[in-house]
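Q: Before anything else, here's the structure in question.
Every read-out reported here was derived from the displayed coordinates using simple, explicitly stated rules and does not represent laboratory data. The model shown is predicted, which means the values in this text are computed figures rather than measured ones. Methodologically, a virtual Cβ is constructed for each residue, glycine included, from the backbone with ideal geometry; neighbour enumeration extends over all protein chains shown.
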Amino acid sequence: AEQNAILYASKNNVSVDGCTLYITLSPCLACARIIYTMGIKRVFYLQSYATYKGIGTDEGVDFLRRFGVEVRQYEPAPELNS
């Protein structure tokens, strides 16, 4: 999904350089590479891709953090969880 959104923006001459990306699952490694290459600076996600897939680590998150991209799991305010 991230790849499609980034490619759509690029196709329509919209720069994502310096942008913030909001996604449902943390990015897989392939999408993380695209996110970094396109200059996205912040990523917020709801759930861990690793947990969803039953794998040990969130490689995409690790990759992005290693290269200075801010990555955070979004946590709604407690009153929104009721």
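Q: Can you give me the distance in nm between label points at L29 and Y52, each placed 7 Å from the Cα along the Cα-to-Cβ direction?
A: 1.8 nm
Q: What is the chain's relative contact order, in percent, from Cα pairs under 8 angstrom and six or more apart in sequence? Kindly include the intermediate steps, with their values, before the conclusion.
A: Numbers: 118 pairs, mean separation 24.1, N = 82.
Computed value for the chain: 29 percent relative contact order.
Q: So how compact is the chain: Cα radius of gyration and Dmax in angstrom?
A: Reported Rg and Dmax, both Å: 13.2, 41.
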